[in-house]
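S.K.: There's a structure below that I have some questions on.
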Amino acid sequence: MSIQFKIADQVLKMPKVDSDAEDIIAKYSSFLAAMSSDRYEFQRAAVAAALRFLLSPKYVDLETLARENFHASPKIAQRHDNCDAFLNRMPLRKVKSASLDLATGTGKSFVMYSIAAIALAEGIAERVLVLCPSLTIEEELIEKFQMLAGNAELVGIMKDLDAKVVIPAIGTGRDTVHTKMICIENIHAVYENTGSSIRDSFRGAGERSLVLNDEAHHLFSGGGGDPKKWMEFLQDPEFGFDKIINVTGTPYTDDDYFCDVIFRFGLKDAIERGVVKKPDYKIEDTLKKQSWEKTYSFHQHNVNEYGNQVKPISIVVTQEIATCVEVYRELIDFLIEKEGISKAEAEAKAIWVTSSVPTTGNTGDRVKAAYGPRNDKDSAEKRRKENLETLKRVDVPGNSVEWIVSVSMLTEGWDVKNVFQVVPHESRAFSSKLLISQVLGRGLRVPPNMDEQPTLLINNHEAWSEPIRRILREVLEVEDRLTWGFDERRKSYAFPIFNLQYEVKQTSVEVKRERASDPEVTFLRQARSTTHYSTFKDTGTLTASIADKELLELEDAVTALRLFLKLKDEKIAAKWTKTKIRDYIVEALKKAGQDTTFLSRENYLRMQQAFGPLFRELDVEHPRLSQVADSLVSVDLSATPRQSFSENLLKEHGTLYTVEGDDKSFTGEEKVLWDRYQKLHGMWKEYETDASEDAQAIGPRLQVVSSDKFKTPWNAHFVTYEPERQFTDLLFANAAFFDSIVKIPNVGVYSFPYSYKPAGKGKSHVTNDRFNPDFFLKVAGKNNVIVVEIKSVGDDQPRNRAKCRDGLKHFEDLNQAIAAAGEPWRYHFLFLSPEDYSHFFDTVKTGNYDTWRSSLMQELLSKQG
């Protein structure tokens with residue numbers, strides 16, 4: 001199996017099999033040619049891919065296309081446990097939804113406009129909704145779309161083609177969205193529904209509409225608001241959206257590439273084509289520390305190199321807002337001294353850019369101390385808004401700004417092309433594929449009329465050069481990975497593993513014959529302000545008192561609850577007068593020992609929920625469904641899908657165990673990477689802290705185990721996080737107690753259902769999920785299997801309480817089914833945390849594991865209910 005997964009291999013292939021669709025695409029070739037020059041031919045290809053998918057009668061939804069690719073492409077199948085696991089990573093698989101991967105700086109706006117315009121012209125949709133994650137992006141899209149809609153050449157082509165819509169209207173959700181219109185709206189306006197006509201305009205019209213999601217990584221990954229709300233809007237049956245195209249230059253979810261990409265023109269393609277600047281990052285430096293002098297000298301180098309064509313700009317990237325403003329202040333002080341200029345002149349050369357300004361706590365104090373008010377009417381928020389306006393004009397001739405200090409995640413919405421130096425102020429600013437793609441994307445845009453492909457200097461600290469090289473390499477091309485799974489040489493350590501097949505069945509029917517009486521509520525602790533604690537490495541613990549701005553004064557809460565009841569049921573509201581509500585709240589607050597003059601937002605919602613049972617319909621049957629064990633099934637360890645892990649994961653919190661002296665743990669192309677890791681391990685063992693950064697990161701993550709103790713059917717044993725590593729060390733040290741040690745993959749091999757009530761949810765809200773235990777351990781000389789789930793000390797969250805409860809029930813039922821089948825095996829289920837490890841191995845030694853309960857299990861079981 002290859003050690004490398006090329007990103008290009010993960011793109012879904014779509015053959016040109018539908019002649020009608022291809023005819024329509026060809027029909028608009030002149031329009032696309034006018035939109036994109038030959039250098040940008042990839043834009044036409046991206047539009048064609050989107051139209052091909054939207055028009056295809058074969059691919060009725062994303063799932064159809066994805067299934068076809070999974071079974072046709074081994075490269076895709078290698079990355080996933082099975083087809084269902086692959087599909088589960090696509091929340092919009094039931095509709096025609098797919099993603100386009102277009103590197104930042106390659107003209108995503110032109111692609112989106114082309115898709116929208118052709119969809120309206122051809123009647124694929126009656127109206128188009130373009131959603132984006134911020135107001136800044138909305139404003140820029142409106143400007144670009146209006147420019148394109150008014151382009152005389154494009155209008156003339158559409159007339160010649162007898163388009164159903166020649167000139168699409170461009171508007172926002174602040175206006176009623178009519179047919180023949182492209183509506184551009186930031187998703188937050190949709191959430192808030194304040195002054196927006198989106199819901200009214202698209203209610204019931206989803207099947208006749210097309211949705212384009214710009215910067216769509218926010219939809220799946222977060223970072224620009226709440227991705228769950230964005231997804232819920234798209235999936236809301238009130239609208240019924242069934243045609244969705246996502247566009248992004250950073251298609252990553254937790255460092256994993258999107259599974260629904262149908263077209264890719266990535267950074268590597270853009271760089272090779274000369275469409276964006278060529279990045280050049282630092283690999284060696286005689287000055288071993290970051291300094292403004294060094295950064296300034298690189299800036300001057302760019303001025304000398306490109307200053308006769310454009311005004312070069314340098315961007316300094318930080319991780320958080322307060323640091324951003326503090327670094328800006330350092331830069332201003334440096335420029336004053338370096339150039340011998342006044343404070344006002346220095347501030348005219350630099351701006352800081354953030355999405356918001358904290359006003360409370362330590363971060364608020366840091367911002368206030370650093371931004372430097374110009375007068376008594378100035379404020380950090382006022383300056384922030386001014387800087388955002390200035391940002392729009394930094395490329396304009398005559399503008400004085402040469403330096404921008406920005407928070408790493410504030411990247412979309414910029415259209416600055418004059419950036420020639422990016423300075424990651426701290427390694428965390430470049431700590432993921434998403435961040436490095438976003439930040440580089442801003443700097444890689446090419447100014448118009450440049451004679452040659454310019455260079456973008458990545459002025460990183462030398463110590464970060466290897467991580468940046470690695471992440472950049474992964475973003476551009478491939479990911480280094482190793483795999484683990486069944487090893488035929490070790491088949492003697494495989495043993496029968498049994499599970500239960502579950503089916504959803506109706507187990508009872510509930511009928512309410514009479515209404516609930518008075519509500520029952522227990523109020524939580526509430527306070528008008530709360531002291532929060534922040535601990536810093538050198539400063540220690542700092543405190544800040546935060547006022548609760550969401551609380552309701554008692555009379556406001558009473559009025560709101562009275563209105564709530566009237567809207568729900570007039571008869572119930574008639575019985576619950578304001579006086580009765582007020583007395584009830586005050587009495588409940590007194591009982592809880594809380595201030596009776598107000599209600600916190602959380603307690604107000606608890607009060608609303610307490611009235612819920614009063615609204616239930618009478619004499620209506622409510623079936624109760626449960627997951628019921630249906631049959632006994634066996635798990636074939638030899639058929640377990642290969643599992644893989646990236647070098648990133650290994651370095652950050654992984655540990656890899658292999659057999660001492662075994663040169664066949666990894667074979668084929670994987671051996672090249674494994675040999676490199678072995679060399680790094682040797683360097684770390686010999687030089688320790690003097691070894692290279694890569695050796696120090698990889699070396700301690702590799703562990704060897706003697707062959708008599710490595711009792712697993714896998715070629716290697718890989719675990720993540722410290723509790724699992726500690727347990728594994730002790731497992732191999734106590735290997736004599738076991739005939740076999742099996743680390744179960746996280747998904748796809750062994751699981752069973754469990755249900756839990758998430759913290760803070762109402763009584764009726766139950767979440768169903770699947771539980772995948774960590775270890776299956778066959779006790780030496782016995783047909784007993786100990787199933788172990790590893791958690792941190794004190795991890796008693798509701799999920800784990802439910803897993804413990806339902807896990808015990810599952811294995812009790814499993815043992816009964818095994819006995820009924822005449823099999824000799826018996827399973828014992830345990831939750832363990834590090835504080836229990838020593839007791840666990842003592843218990844295995846004495847054979848008392850069938851009745852023993854760890855301290856964590858006792859804690860979890862005591863909190864059931």
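The values are calculated or read from the model by the stated rules, or taken from the named source; none is laboratory data. Please read these numbers as outputs of a predicted model, since none were measured by experiment. As a convention, Cβ positions derive from the backbone with ideal geometry for all residues, glycine included, and neighbour counts pool all protein chains shown. Ligands, DNA and RNA are excluded from the accessible area calculation, which covers all protein heavy atoms including side chains. Shrake-Rupley method; radii C 1.70, N 1.55, O 1.52, S 1.80 Å.
S.K.: Over all directions, how big on average is the projection of the convex hull of the alpha-carbon atoms in segment 122-207, in square nanometres?
M.R.: 5.6
S.K.: Quote the Stokes-Einstein diffusion coefficient, in whole µm² s⁻¹, for segment 287-419, based on the Kirkwood radius over alpha carbon pairs, a temperature of 4 °C and a viscosity of 1.567 mPa s. Display every interim value, and only then the final one.
M.R.: Values: Rh = 15.4 Å.
Estimated diffusion coefficient is 84 µm²/s.
S.K.: What is the Cα convex hull volume of the chain when expressed per residue in Å³?
M.R.: Hull volume normalised by residue count: 214 Å³.
S.K.: Keeping the other protein chains in place, figure out the carbon and sulfur percent of the accessible area of the chain, with a 1.4 Å probe.
M.R.: Numbers: 18900 of 39410 Å².
Reported share for carbon and sulfur atoms: 48 percent.
S.K.: While we're here: Between E503 and N362, take the C-beta separation as r, use R0 = 56 Å, and let me know the FRET efficiency to the nearest 0.05.
M.R.: That pair, E503 with N362, gives E of 0.55.
S.K.: So between E602 and S379, what do we pick up on full extension, going 0.36 nm a residue minus the alpha carbon distance?
M.R.: Details: separation 223, 0.36 × 223 = 80.28 nm, distance 3.24 nm.
Gain on extension, E602 to S379, equals 77.0 nm.
S.K.: Could you give the nm distance between label points at E207 and V635, where each point is 7 Å from its Cα heading toward the beta carbon?
M.R.: 4.3
S.K.: Further question on the same structure: Points 7 angstrom from Cα along the Cβ direction at A574 and D595: gap in nanometres?
M.R.: 3.8
S.K.: Using only DSSP helix segments of four residues or longer, with each worth -39500 (n - 2.57), what per-residue ellipticity at 222 nm results for the chain after dividing by its residue count and rounding to 500?
M.R.: Result for the chain: -11500 deg cm²/dmol, rounded to the nearest 500.
S.K.: Of all DSSP beta bridges in the chain, what percent run antiparallel (nearest 5)?
M.R.: About 45 percent, rounded to the nearest 5.
S.K.: Looking at the calculated P(r) for segment 333-372, what percent of the C-alpha pair distances fall above 13 Å?
M.R.: Values: 472 of 780 pairs.
Tail of P(r) above 13 Å: 61 percent of Cα pairs.
S.K.: Okay, next question. Scale the Cα Rg of segment 1-149 by the rule-of-thumb value 2.2 N^0.38 Å and send over the ratio, two decimals. Can you show the working numbers first?
M.R.: Values: Rg = 16.8 Å, N = 149, 2.2 N^0.38 = 14.7 Å.
Against the compact-globule rule of thumb, the ratio is 1.14.
S.K.: Also, quick follow-up: Cβ under 12 Å from F737's Cβ, F737 left aside: what net charge do those residues give with Lys, Arg +1 and Asp, Glu -1?
M.R.: Numbers: positive: K709, K711, K778, K782, K845; negative: D739, D842.
Residues near F737 contribute +3 overall.
S.K.: Further, regarding this structure: So for segment 728-865, what percent of the C-alpha to C-alpha distances run longer than 19 Å?
M.R.: In whole percent, the share of Cα-Cα pairs in segment 728-865 beyond 19 Å is 53.
S.K.: Also, quick follow-up: In straight Cα distance, which lysines are under 21 Å from K575, not counting same-chain residues fewer than 8 positions off?
M.R.: Counting by Cα, and skipping residues close in sequence, K575 has these lysines nearby: K512, K566.
S.K.: Looking at this model, which pairs from K671/K803; K96/K164; K144/K243 are more than 28 angstrom apart at the alpha-carbon?
M.R.: Details: K671/K803 39 Å; K96/K164 23 Å; K144/K243 23 Å.
Correct reply: K671/K803.
S.K.: Right, another one. Just the accessible area per residue of the chain, please: how many Å² with a 1.4 Å probe?
M.R.: Each residue of the chain exposes 46 Å² on average to a 1.4 Å probe.
S.K.: Quick one: length gained pulling R39 to A733 fully straight, 0.36 nm per residue minus the C-alpha distance?
M.R.: Using 0.36 nm per residue and subtracting the Cα-Cα distance, I get 243.7 nm.
S.K.: Now, a different point. List every residue whose amide H lies under 5 Å from the amide H of D774, counting only residues 5 or more places away in sequence or on a different chain, with H placed 1.01 Å from N in the peptide plane.
M.R.: Excluding prolines and chain starts, which carry no amide H, the hits are V788, E789, I790.
S.K.: Starting from the Cα of K590, draw a straight line to each of the lysines and keep only those under 20 Å, dropping any in the same chain fewer than 8 residues away.
M.R.: The qualifying lysines are K578, K580.
S.K.: Quick one: dipole size for the chain, taken about the Cα centre, charges +1 on Lys/Arg Cβ and -1 on Asp/Glu Cβ, in debye to the nearest 20.
M.R.: With only Lys, Arg, Asp and Glu charged at Cβ, the dipole is about 1580 debye.
S.K.: Then there is this: Once you have the Kirkwood Rh of segment 342-408 from its Cα pairs, apply Stokes-Einstein at 10 °C and 1.306 mPa s and quote D in µm²/s.
M.R.: After rounding, the answer is 124 µm²/s.
S.K.: Quick check on segment 256-357: what are the equivalent-ellipsoid semi-axes from the Cα gyration tensor, as sqrt(5λ), descending, whole Å?
M.R.: Over the Cα atoms of segment 256-357, the ellipsoid semi-axes are 31, 20, 15 Å.
S.K.: When the C-alpha atoms of segment 669-724 are aligned to their principal axes, what extent does each axis show, in angstrom, from largest down?
M.R.: In descending order, the Cα extents are 36, 31, 20 Å.
S.K.: Looking at the P(r) of segment 8-68, how many percent of alpha-carbon pairs lie beyond 17 Å?
M.R.: Here the long-distance tail beyond 17 Å is 43 percent of all Cα pairs in segment 8-68.
S.K.: Distance in nm between label sites at N783 and R525, each 7 Å beyond Cα in the beta-carbon direction?
M.R.: 5.3
S.K.: Based on the inverse mean of 1/r over its pairs of different Cα atoms, what is the Kirkwood hydrodynamic radius of segment 559-610, in Å?
M.R.: 11.4
S.K.: If the cut-off is 13 Å between C-alpha atoms, which aspartates and glutamates fall inside it for K778, apart from same-chain ones fewer than 8 positions away?
M.R.: Within the straight-line limit of under 13 Å, K778 reaches these aspartates and glutamates: D739.
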